[in-house]
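I have placed the structure first, in the form of structure tokens, so that the comments after it can refer back to it.
Since every read-out is calculated from the coordinates, none of them should be taken as a lab result. Everything quoted here is computed from the prediction, not taken from an experiment. Note: ideal-geometry Cβ built from the backbone for every residue, glycine included; neighbour counts use all protein chains shown.
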Amino acid sequence: MHLGGVPSLGSSFDDKIYHFIAYFLFTVLVYNYCKVRQFKNANVISAVVVIVYGIIIEVLQQTITSYRTLDIYDVFANALGVVVAISTLKFRTKLKLK
């Protein structure tokens, strides 16, 4: 798929890398919002919200557009970005506690 204006990384799976990065950053933003609002389970809330959002977007691409399709590998790349973001945030929190 052509990403229109996004620089190529030179691989056949550039879009998956971009999905990973976008959902990593999206998770960090949602997590920070949850922390500012003092939600008790910021990790879980962030992960669930962002993963569900990603799935909904993929399904909508398939159902309401004629030029986009659902790609299960995009969902996996999104989820991996979420998992790595939450893991990074947990690790960072543990380092701050020491």
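Listed here are the residues, each with its yes/no results for (1) under 15 Å from LYS16 (Cβ atoms); (2) loosely packed, with under 15 Cβ neighbours inside 10 Å.
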residue	(1), (2)
ASN32	no, yes
ASN43	no, no
ILE51	no, no
ILE72	yes, yes
LEU80	yes, no
LYS94	no, yes
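Within the stretch 55-82, can you find the residues that are of a type in the set (D, E, K, R) and farther than 23 Å from VAL30 by Cα?
ARG68, ASP71
Please name all residue pairs, on different chains or six or more residues apart, with Cβ atoms under 7 Å, provided the first residue is in the stretch 22-33 and is touching a residue at least 40 places away in the same chain (Cβ under 8 Å) and the second residue is surrounded by 14 or more Cβ atoms within 10 Å (Cβ to Cβ) and among the hydroxyl-bearing types (Ser, Thr, Tyr).
THR27/SER46; TYR31/SER46
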